[in-house]
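Written out below as structure tokens is the structure these notes cover.
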Amino acid sequence: MTGPSTGTGTLDAMPRHPLLLDLTGRRVVVVGGGPVAARRTARLVADGADVLVVAPRLCEDLAELVARDAVRWAPREYLATDLDGAWLVHTATGERDVDAAVAADADALRVWCVHAGDGARSTAWTPAVARVDDVTVAVTAGGDPRRATAVRDAVALLLDTGALPLRRHRRAAVGTVTLVGGGPGDPGLVTTRGRRALAEADVVVVDRLAPRTLLDELDPDVEVVEAGKQPHAHTLTQEQINEVLVERALRGLRVVRLKGGDPFVLGRGGEEVLACLEAGVPVEVVPGVTSAIAVPGVAGIPVTQRGVSRQVTILSAHDSAPDWSSLAAVEGTLVLLMGVGRLAEHAAALVAHGKDPATPVAVVENGTLPGQRTTVATLATIAQRAAERGVGNPAVVVVGEVAALADVLGPHGTGPAAEPAATPARAGTAAAEAPDATP
């Protein structure tokens, strides 16, 4: 990217040919030992060049590179013979006569020269560079480094967040699989790395509870594979999902597995990773915001709270038979995922195994979404209260003293306030503790 021509005969108007160079193992000479030379040298080292630094003295950063044997150092004044065998030279001494001599010698030898002090005397220019994965952005701006840096940073941010097109249009021999945690539902809670993976995807295998509005941002020719699961109703079995991920990747496609919450929190992400590894498919995991923590949080329920709860236990509750006696004895907060369908059974089991029937319970439906709703009761009354209100999935069930804080601290999201607890005395006790129990 180059600056516009002003027609004034200055550097802005000079025709320049953008080009990327392979400097691996090739000799590059840097004349100068100050901070500017150090910045140029560090980039050259990163690009694999064989760097010779010529300077009587070195700044601290350059001295460190020499100490690490990353560059060679000639501790003296510049000599014309220093350019013998060089492919490129950077001169940044700050001394006009020396820099001019380097530029003249380079021109005579047909060696490209970057003149840090005078762009008009250069035959090559160093752009502001950003690298996002395998995309390189290089920006010049008519001799205005700050302007070039600002443009570079803006473009790099758009690339990093997936706002610019990143999809490959040439297939690799073997593609990749990226497991993306989509968070609890609100698309704004997806990480920038997750959005970038979606912008690069050729195939998206999506769950029912993933932030599906993100699919609207995909290119029209991106394949979307529905893999949603509901209790006793699966679009694809887990084995079939694994097969789709592997098969598409082996065709050279970039595959994104878009899941609700976090892939490794009751999301069977580990099984999908193992399937990819066994098939020799490169796989990456992009963590997501788990609904077990986030959904109670936006409803005003901290799953841990000093003086109230110092630990949290997360349970998959839709088809399991856990050790209720152990769970009933555990202090702190119990979070049940996928547990609304068996809410009455679970509440009764906890009470039967010794949990206080007056323990507060909160059920948060559609957490982070416009239809968010919270129902607060106790273990003894939650089943009846949920039935009266028609509570349904998706929902997160919170059992413990912190559940009563939904009336005090929240909501902190898109949903309405919590429905009042059925036992205000017990909820009031927890509420009274809250001012002295701030994190």
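Bear in mind that the values in this text are calculations on the coordinates, not laboratory data. Just so you know, these numbers come straight off a predicted model, no measurement behind them. FYI the Cβ positions are ideal-geometry reconstructions off the backbone, even for glycines, and counts take in every protein chain you see.
Here are the numbers for the structure shown:
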read-out: In sequence order, calculated HN-Hα J values of segment 237-254 (Karplus, 6.51, -1.76, 1.60; Hz; x Gly/Pro); value: 6, 4, 4, 5, 4, 4, 5, 5, 4, 5, 4, 5, 5, 5, 7, x, 9, 8
read-out: Order of LEU179, LEU58 - criterion: other Cβ atoms within 10 Å of each residue's Cβ, fewest first; value: LEU58, LEU179
read-out: For segment 258-265, Karplus couplings with θ = phi - 60° (6.51, -1.76, 1.60), whole Hz, Gly/Pro x; value: 8, 10, x, x, 10, x, 9, 10
read-out: Rounded to whole Hz, the Karplus (6.51, -1.76, 1.60) HN-Hα couplings of segment 361-373, x for glycine and proline; value: 9, 10, 10, 10, 9, 6, x, 6, 9, x, x, 4, 8
read-out: DSSP beta bridges in the chain [antiparallel fraction, %, rounded to 5]; value: 40 percent
read-out: Sum of side-chain charges, THR91 neighbourhood, beta-carbon under 10 Å (Lys, Arg +1; Asp, Glu -1); value: -2
read-out: For segment 176-289, projected area of the alpha-carbon convex hull averaged over all directions, nm²; value: 6.2 nm²
read-out: For VAL132, distant residues with modelled amide H under 5 Å away; value: VAL137
read-out: Helix-only CD estimate at 222 nm, as mean residue ellipticity for the chain, using -39500 (n - 2.57) per DSSP H run (n ≥ 4); value: -8500 deg cm²/dmol
read-out: Debye intensity ratio I(q)/I(0), log10, the chain, q values 0.06, 0.07, 0.09 Å⁻¹ (C-alpha model); value: -0.44, -0.56, -0.76
read-out: Angle in degrees between helix 269-278 and the longest Cα principal axis of the chain, rounded to the nearest 10; value: 50 degrees
read-out: C-alpha long axis of helix 343-352 to longest principal axis of the chain, angle in °; value: 70 degrees
